[in-house]
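The values are calculated or read from the model by the stated rules, or taken from the named source; none is laboratory data. None of the values given here were measured: they were computed from a predicted structure. Cβ atoms come from the backbone with ideal geometry, glycine included; neighbour counts cover every protein chain shown. Each accessible area value is taken on the protein alone, full model and side chains, heavy atoms only, with ligands, DNA and RNA left out. Shrake-Rupley method; radii C 1.70, N 1.55, O 1.52, S 1.80 Å.
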Amino acid sequence: MLCRDKRTKAPMKMSQKAANIWCLRLFPVLFIFVSFITYYCSYTILQSYGGTTKPLDSTKSLCGGWLTQKKWESLNFNISRQTQLFLKLEDFFWREHPSTLALPYGIKGSELLLLKVLAAIPNYQMPGNIENLGCRTCVVIGNGFVIKNTSLGNIINKYDVVIRLNDAPVRGYEEDVGNKTTMRFFYPESASSNPALQNDPNTIMVLVPFKPHDLQWLKEILYNEKRVRKDFWKPPPQIWLGDVSKIRVLDPHFLHQTAERLLQIPLHPKTKQNRLHPTTGMLAVFVALNYCDVVHIAGFGYPSLDSERQPVHYYGYDIMKAMKNSYHDLTQEAEALKRLEDSGAIVYLHPDS
């Protein structure tokens, strides 16, 4: 149907006038439709090229609204996204189905320890300024040597949530790794006695309990009890100067699902030699996929296990030889990250090799 030129001198019939009116009414609808298609195509193209080495200046431009939920569904984990990350005291009073697994994949046998720990923690949430965001942009910073000399620091600082691992330092490495820390995942052996040295004042310190003794250590810290040093592969700090209000305990649900759904690790190995656990980094990526709308990563990627003399971290002097007897399957984790990258669920801020 054509719109009649208003400049014509021919008499206009009533039906032609009506056609002109409909054209004017349909124009805004057509404009909105074309704008949406343009936005959708632009976003799709952006995501398809996002895994290179050029992240955008504004991380908010990466938010895609409902597209992020579709992306999660495409991963085929057969589980719902869970954005409540930390254990809460009230969980133990209203939980209908007690955990059937012990730590690190459940709380069976550790309920009393957890009750005491959580009773001393005043908060179980993320900060309100992050919790209330309509779209959360997150970056997980691995400790790998590959982040060295990348000059990613300023880019990393622009994300809403910056997740760091264990005792990885930022002071002196700001140019490559930034200096913003929203959450730091740790366990007793990887804890720093004074978190203020490498973290923001508001950094959430997230304990990942791998064994009951990890909760025992935290309980002794919180209640200023006599410290027990046994049953740790490395002596944990006996004095911890962190802010108690910033401590959280990660729900073992996330380690369980990282192992079972993402890495397909047997939860009940037949022998101690076959026991494997996800690395803290892989766990943090899975947590970010649950909590965040945009997930980027940096500092992930190990040298080959055959390269025994290659540095492991962007700091310190550890070499790959030290990783040979760990309870981690680095090859399996690298393959899992590749699948996530290929699906568009995560984006590397630098080449992943």
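A compact table of results
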| quantity | calculated |
| --- | --- |
| Condition met for TYR291 (open to solvent by 10 Å² or more (accessible area, probe 1.4 Å) and either of a type outside the set (S, T, N, Q) or in contact with a strand residue (DSSP E or B) (Cβ under 7 Å, 6 or more places away or on another chain) (or both)) | no |
| Given (1) open to solvent by 20 Å² or more (accessible area, probe 1.4 Å); (2) in a helix (DSSP H, G or I); (3) under 30 Å from THR331 (Cβ atoms); (4) at pLDDT 95 or above, number of the condition PHE210 does not satisfy | (2) |
| Filter pass, GLU175 being under 19 Å from PHE210 (Cβ atoms), assigned to a helix (DSSP H, G or I) and out of contact with any Cys (no Cβ under 8 Å at 6 or more places or on another chain) | no |
| Flag for VAL161 being within 23 Å of ILE247 (Cβ to Cβ), within 16 Å of the chain's Cα centre (by Cα) and among the β-branched types (Val, Ile, Thr) | yes |
| PHE232 vs. criteria among the aromatic types (Phe, Trp, Tyr) and in contact with a Leu (Cβ under 6 Å, 6 or more places away or on another chain) | no |
| Residue match in the stretch 215-237 (condition: open to solvent by less than 10 Å² (accessible area, probe 1.4 Å), polar (S, T, N, Q) and over 24 Å from LEU101 (Cα atoms)) | no |
| Residue in the stretch 139-150 that is surrounded by fewer than 16 Cβ atoms within 10 Å (Cβ to Cβ) and small (Gly, Ala, Ser) present | no |
| Test: ARG184 is among the basic types (Lys, Arg) and assigned to a loop (DSSP other than H, G, I, E, B) | no |
| Meets criteria (at pLDDT 95 or above, within 28 Å of ASP176 (Cα to Cα) and assigned to a helix (DSSP H, G or I)) for ALA259 | no |
| Residue identified as touching a residue at least 12 places away in the same chain (Cβ under 8 Å) and open to solvent by 20 Å² or more (accessible area, probe 1.4 Å) among GLU131, GLU175, GLU189 | GLU175 |
| Checklist (1) surrounded by fewer than 20 Cβ atoms within 10 Å (Cβ to Cβ); (2) within 27 Å of GLU131 (Cα to Cα); (3) not small (Gly, Ala, Ser) applied to GLU260, failing item | (2) |
| In the stretch 109-128, residue farthest from ASP214 (Cα to Cα) [restricted to those that are open to solvent by less than 20 Å² (accessible area, probe 1.4 Å) and in contact with a strand residue (DSSP E or B) (Cβ under 9 Å, 6 or more places away or on another chain)] | MET126 |
